[in-house]
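The values are calculated or read from the model by the stated rules, or taken from the named source; none is laboratory data. This one's a predicted model, so the numbers in the text were calculated from it and none came from an experiment. Cβ placement follows ideal geometry from the backbone for every residue including glycine, while neighbour counts extend to all protein chains displayed.
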Amino acid sequence: MQNMIKYIFRRIVAVVIMIFLVMTVNFFLIHAAPGGPATVMTGLEFPSKEIIEALNKQYGLDKPIAVQYLEYMGNLLRGNLGYSYIYSESSWNLIEGRIFPTLILTITSSVLAFVIGVYMAIFVSRLRNKYGELSASLLSYILYAVPSFWLALIMIIIFSSDLKLFPTSGMLSLRYSYSGIEGVIDFIHHLVLPVSTLTLIQIPVFYRITRTSIVQNQGEDYITTLTAIGVPKEKLFRKYVMKNSIVPPLTIFGIMLGFSITGTVILERVFAWPGMGRLMLDAISRRDYQLLLGIYFLMALFISVAMFVTDILIAFLDPRVRLT
Amino acid sequence: MKKFFLVSFLIAIVIFVGVASTTPTRGGTMVIAYWGDPISFNPDAQIDDAGYGIYGSIFSKLVTLDASYNVIPDLAKSWDISKDGLTYTFHLRKGVKWQDGQPCTAADVVWTFDQIMSDKAAPAHANFAAVESVEAPNDYTVVIKMKRPYSAFLSFLAWYGTFIMPKHLYDITENGSPVSWLNNPYNQHPIGTGPFKFVKWVKGAYVILTKNPDYFLGEPYLDGLVFDEIPDQNTALQSFLNGEVDFDDNVDVSQLGILKKMPHVLIDDSLTPSRYYLAFNVGRRPSPFHDKEVRFAVAYALNREQIFNLAIKYGEVAEGFYTPAIPWAYNPSAKIPDYNVKLANEMLDKAGYPLKNGTRFTVTLVYFQGQEWSDMAKIIKEQLAKVGIQVNLEEYELATYIQKVLKGGDFDLTLLDGFQGPDPDNLVLRVGTGGDINVMGYSNPEVDKLLSEASQASNIEERAKYYFEVQTILSQDLPIYPIAEVVNTYAYKDYVEGLPFTLTGIGINNYAKTWLKK
């Protein structure tokens with residue numbers, strides 16, 4: 001227990017230092033990109049020098065970069081994620097609205113992909129059939145290779161345009177406004193296609209890793225020994241092989257959860273889903289520095305926490321892993 | 001006899017139904033597949049193209065533009081311009097109310113314009129450069145005094161960033177200091193005088209509006225208007241074909257072919273005052289194109305009809321040096337050189353660029369991301385290779401492009417488009433010495449003089465004469481090589497009637513006269 005507390009404390013310190021470094025590097029990197037928020041906003045239609053100067057002054061971008069950095073980090077320490085130049089609003093206000101749509105999409109599909117992918121691998125392994133193995137591998141390769149925007153559009157064309165089962169895009173029906181339970185059903189109805197697409201894309205990752213892990217474990221010496229002393233195959237698989245094989249996909253699952261806050265730029269765009277990915281992409285192309293840094297901060301935090309939780313979880317599952 | 005009655009009865013029904021279908025029906029909600037997310041609902045403080053398409057339904061201007069770029073009355077029912085062009089007197093409609101019930105008066109107009117003139121970052125700020133003062137002698141009269149005559153002023157007043165805003169909500173203080181109009185809470189839920197009232201905005205998802213029954217041009221036919229933000233054009237197309245959307249405002253030119261074959265789908269692909277053109281580096285960093293002969297040689301080597309057919313497909317091949325979408329200012333006799341490879345080769349030989357190992361010289365063509373741009377660039381590269389000019393292509397995202405081309409002048413050739421209205425005075429920006437969008441670094445004192453005279457001339461015939469001459473000079477100097485005219489890309493279902501771009505005399509983004517025939 002003492003070890004555990006020490007471990008947690010050390011990890012927290014590491015996370016704080018890491019986030020500080022991430023923010024510093026990001027700050028200077030994104031300021032180094034060509035153009036600035038004023039350049040993008042004025043674009044090719046209004047590029048007068050007066051407007052650009054006035055905007056830079058308004059945004060505080062006329063100050064030396066070191067001053068801007070200290071100001072930004074000072075605000076961050078006080079819990080202020082910064083201010084979006086473009087939207088004239090605090091970064092947090094803009095990010096907040098995107099968290100729920102993002103997480104419900106990414107986490108739901110990560111969980112589904114994990115369950116389906118791992119189960120598929122287990123099923124194929126127990127089947128011990130060459131053709132079963134082959135077709136599952138083929139399917140996973142195909143899904144892995146398919147570009148997500150293409151799959152998304154094909155899903156739309158099949159399930160929305162042809163079969164008319166699901167709405168094409170968005171999060172809610174806009175022509176009629178539903179409330180209460182009807183509103184929830186409407187939301188889920190809109191959620192099905194994006195979640196299924198994202199799940200399909202992620203299944204191969206879990207399938208392949210679990211499958212490899214099972215094959216590896218089945219070849220271990222202890223399995224041979226246990227088989228030799230007469231442990232039934234079924235028990236052997238369930239008690240030893242499966243338990244040991246679950247660790248690698250679980251690690252991947254943890255990393256995926258960490259990245260869940262970043263959303264999925266491409267699928268959000270295709271399904272017109274108002275998630276974090278699109279907000280981030282807009283912030284990048286508009287050079288909305290502080291909004292972008294706010295998103296990066298949240299990402300760094302989320303990933304650190306997810307990795308941390310995964311590490312602890314794995315330590316419980318696998319006593320060989322020491323928390324030191 | 002019975003038969004006769006029956007027939008006449010049937011005819012009567014047919015006529016009745018026919019008539020009934022042309023009288024607008026009220027009710028219904030129109031859903032628009034919209035391309036972008038507005039920054040805020042302050043229509044004048046920032047450049048916000050995504051907002052501009054929505055502001056026109058919530059707010060009104062003093063005067064506005066219709067789809068043919070005519071200046072038409074809006075809050076002002078009429079106006080007089082003094083003979084010397086120095087005094088504009090606007091007569092406002094009486095009884096106009098803000099959507100919160102307060103009266104809209106000349107005081108709101110004066111406040112809005114003063115605000116634009118005091119905020120250098122306001123998009124319309126530069127268009128007010130010639131304004132001396134804005135005054136309200138009474139509640140329904142606005143007088144604008146000019147420092148110098150500026151004939152494009154009315155068009156610019158009717159265009160961008162000039163929506164009249166409610167003084168009573170924006171002229172406020174907090175703890176004794178005035179609140180910046182950028183931070184006003186009404187930027188999130190606007191109050192205007194337009195045909196629709198703001199209901200809800202979920203950022204990145206949709207904007208919902210409901211009709212304003214007190215609208216001064218009459219109660220809108222639609223009950224509501226929804227701007228459904230669908231950034232992906234393929235998805236927008238599917239939503240439109242699936243009936244979730246009535247009007248697709250996010251059509252890519254490449255989709256027009258498919259849409260034209262669809263039943264119950266109507267398309268507007270008329271010319272818009274924007275054009276694709278190739279700009280030469282005429283006076284920025286050193287480039288072979290500082291030499292006029294070389295520019296002409298390139299023009300002869302290029303086949304813009306082929307570029308158009310392969311890369312653009314919809315619109316028109318360019319023939320002159322200004323947009324034909326503003327016909328009064330378009331000079332049809334200032335022509336672009338036509339394809340003639342032999343002549344191109346001769347000119348390049350004469351200009352001192354002989355063919356060595358199949359190449360005369362190497363240049364860089366810089367363009368920004370986008371299918372049509374990269375297609376055009378590739379075809380230009382191929383066409384110029386045939387006369388021995390080797391073209392290196394460089395593609396950048398917009399911010400980097402602006403930095404490199406607009407600010408840095410670091411290119412030989414570049415591809416551009418962009419709005420050339422609402423008035424030909426826009427040419428000052430594109431070809432005037434030091435103009436904001438004059439990427440070429442082109443400078444001709446004669447052009448500058450003509451443009452300045454055109455902007456001060458009072459009547460349209462006189463102005464047209466100056467602009468015609470400018471285009472003639474451009475055709476001789478050739479700082480740009482126009483390729484094609486850009487078209488509107490709107491698709492809508494055949495039951496949607498009275499969209500603003502199908503009418504004249506109503507503002508470009510005003511859906512007050514739109515109705516659903518269902």
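Mind telling me which of the residues A:Glu96, A:Glu89 ends up being loosely packed, with under 14 Cβ neighbours inside 10 Å, within 14 Å of another protein chain (Cβ to nearest Cβ), under 29 Å from B:Asp44 (Cβ atoms) and acidic (Asp, Glu)? Don't jump to the end; show me each part of the working.
Numbers: A:Glu89 fails: loosely packed, with under 14 Cβ neighbours inside 10 Å.
Just a single option satisfies the conditions, and that option is A:Glu96.
Among the candidates B:Val298, B:Val317, the residue that is at pLDDT 95 or above and over 21 Å from the mean Cα position of the chain (by Cα) is uniquely B:Val298. Exactly one residue out of B:Val447, B:Val439 is closer than 25 Å to B:Leu302 by Cβ and touching a strand residue (DSSP E or B) at 6+ places or on another chain (Cβ under 8 Å), and it is B:Val439. Every listed requirement among (1) surrounded by fewer than 21 Cβ atoms within 10 Å (Cβ to Cβ); (2) charged (D, E, K, R); (3) modelled with pLDDT of 95 or more is met by B:Asp252 save one, (3). Considering (1) buried (at least 22 other Cβ atoms within 10 Å of the Cβ); (2) in contact with a Gly (Cβ under 9 Å, 6 or more places away or on another chain); (3) not in a loop (DSSP other than H, G, I, E, B), the lone condition that B:Leu278 does not fulfil carries the number (2). Listed here are the helices (runs of 4 or more DSSP H) enclosed by segment A:171-247 that have at least 2 residues being farther than 29 Å from A:Ile314 by Cα and under 20 Å from the mean Cα position of the chain (by Cα): A:180-218. Listed conditions (1) without any contact (Cβ under 8 Å) to a residue 60 or more places away in the chain; (2) out of contact with any strand residue (DSSP E or B) (no Cβ under 8 Å at 6 or more places or on another chain) are all met by A:Arg175, apart from (2).
Taking every residue in segment B:302-318 that is at positive phi and pairing it with any residue that is acidic (Asp, Glu) and outside any helix (DSSP H, G or I), at least 6 positions away or on another chain, the pairs with Cβ-Cβ distances below 7 Å are B:Gly315/B:Glu485. A:Asp311 meets each of the listed conditions (1) within 14 Å of chain B (Cβ to nearest Cβ); (2) of a type outside the set (A, V, I, L, M); (3) assigned to a helix (DSSP H, G or I) apart from (1).
Against the list (1) in contact with a Lys or Arg (Cβ under 8 Å, 6 or more places away or on another chain); (2) in a helix (DSSP H, G or I); (3) within 14 Å of another protein chain (Cβ to nearest Cβ), the condition B:Val366 fails is (2). Residues that are closer than 18 Å to A:Ser91 by Cβ and either among the small types (Gly, Ala, Ser) or within 14 Å of another protein chain (Cβ to nearest Cβ) (or both) within segment A:56-75 comprise A:Gln58, A:Tyr59, A:Gly60, A:Leu61, A:Gly74, listed in sequence order.
With respect to (1) surrounded by 15 or more Cβ atoms within 10 Å (Cβ to Cβ); (2) under 30 Å from B:Thr29 (Cβ atoms), the lone exception for A:Arg211 is condition (2).
Scan segment B:227-235 and tell me whether some residue there is of a type in the set (Asp, Glu), buried (at least 20 other Cβ atoms within 10 Å of the Cβ) and touching an Asp or Glu at 6+ places or on another chain (Cβ under 6 Å). Looking for residues that are of a type in the set (Asp, Glu), buried (at least 20 other Cβ atoms within 10 Å of the Cβ) and touching an Asp or Glu at 6+ places or on another chain (Cβ under 6 Å), one finds at least one in segment B:227-235, hence yes.
Conditions (1) over 18 Å from A:Asp282 (Cβ atoms); (2) assigned to a strand (DSSP E or B); (3) within 13 Å of chain A (Cβ to nearest Cβ), marked per residue:
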site	(1), (2), (3)
B:Gly194	yes, no, no
B:Trp201	no, yes, yes
B:Ile208	yes, yes, yes
B:Leu217	yes, no, no
B:Pro220	yes, no, no
B:Phe227	no, yes, yes
B:Asn234	yes, no, yes
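With the structure loaded, tell me whether A:Leu281 is surrounded by fewer than 21 Cβ atoms within 10 Å (Cβ to Cβ), within 12 Å of chain B (Cβ to nearest Cβ) and in a helix (DSSP H, G or I) or whether it fails that test. So A:Leu281 passes the test. Restrict the check to segment B:13-32 and report whether at least one residue is modelled with pLDDT of 95 or more and in contact with a helix residue (DSSP H, G or I) (Cβ under 9 Å, 6 or more places away or on another chain). Yes - at least one qualifying residue is present in segment B:13-32. B:Lys493 fulfils the conditions (1) over 21 Å from the mean Cα position of the chain (by Cα); (2) closer than 26 Å to B:Arg295 by Cβ; (3) basic (Lys, Arg) except for a single criterion, (2). Would a scan of segment B:40-54 turn up a residue that is at pLDDT below 95 and touching a Lys or Arg at 6+ places or on another chain (Cβ under 9 Å)? No, segment B:40-54 has no match at all.
Can you tell me which residue within segment B:433-444, out of those that are closer than 19 Å to B:Arg295 by Cβ and not polar (S, T, N, Q), is farthest from the other protein chains (Cβ to nearest Cβ)?
Of the residues in segment B:433-444, the ones closer than 19 Å to B:Arg295 by Cβ are B:433, B:435, B:437-444.
Filter once more, so that each one left must be not polar (S, T, N, Q): B:435, B:437, B:439-442.
Values: B:Gly435: 10, B:Ile437: 6, B:Val439: 9, B:Met440: 14, B:Gly441: 14, B:Tyr442: 16 Å.
Step by step, filter segment B:433-444, then rank; the result is B:Tyr442.
A:Lys243 falls short of the stated requirement of being away from chain B (no Cβ under 14 Å) and free of Cβ contacts under 8 Å to residues at least 12 places away in the same chain. The set of residues from segment B:236-249 being more than 7 Å from chain A (Cβ to nearest Cβ) and more than 26 Å from the chain's Cα centre (by Cα) comprises just one member, B:Gly243.
If I filter segment B:390-419 down to residues being within 10 Å of chain A (Cβ to nearest Cβ) and assigned to a loop (DSSP other than H, G, I, E, B), which single residue comes out as farthest from A:Leu281 (Cα to Cα)?
Looking only at segment B:390-419, we keep the residues that are within 10 Å of chain A (Cβ to nearest Cβ), and these are B:396-408, B:416-419.
Going one step further and asking which of them are assigned to a loop (DSSP other than H, G, I, E, B), we end up with B:397, B:408, B:417-418.
On the way: B:Glu397: 12, B:Gly408: 25, B:Asp417: 24, B:Gly418: 23 Å.
Restricting to residues being within 10 Å of chain A (Cβ to nearest Cβ) and assigned to a loop (DSSP other than H, G, I, E, B), the top hit is B:Gly408.
Would you confirm, using the coordinates I've provided, whether B:Pro149 is in contact (Cβ under 8 Å) with a residue 12 or more places away in the chain, crowded, with 20+ Cβ neighbours inside 10 Å and either among the small types (Gly, Ala, Ser) or in a loop (DSSP other than H, G, I, E, B) (or both)? No; evaluated as a whole, the condition is false for this residue.
Determine if segment B:91-107 includes at least one residue that is in a helix (DSSP H, G or I) and touching a helix residue (DSSP H, G or I) at 6+ places or on another chain (Cβ under 6 Å). Yes: one or more hits. Comparison of B:Asp80, B:Asp37, B:Asp49, B:Asp119 shows that the only residue that is among the charged types (D, E, K, R), within 11 Å of another protein chain (Cβ to nearest Cβ) and free of Cβ contacts under 8 Å to residues at least 60 places away in the same chain is B:Asp49.
Looking only at segment A:73-84, residues that are surrounded by 19 or more Cβ atoms within 10 Å (Cβ to Cβ) and farther than 16 Å from B:Lys203 by Cα come to 4 in all.
Scanning segment B:420-451 for residues that are among the aliphatic types (A, V, I, L, M) and assigned to a loop (DSSP other than H, G, I, E, B) yields B:Ile437, B:Val439, B:Met440.
For segment A:126-162, the set of residues classified as more than 14 Å from chain B (Cβ to nearest Cβ), among the aliphatic types (A, V, I, L, M) and within 27 Å of B:Thr235 (Cβ to Cβ) consists of A:Leu139, A:Ile142, A:Leu143, A:Ala145, A:Val146, listed by residue number. Taken over segment A:31-48, the residue count meeting the criterion of being part of a helix (DSSP H, G or I) and at the interface with chain B (Cβ under 8 Å from one of its Cβ atoms) is 4.
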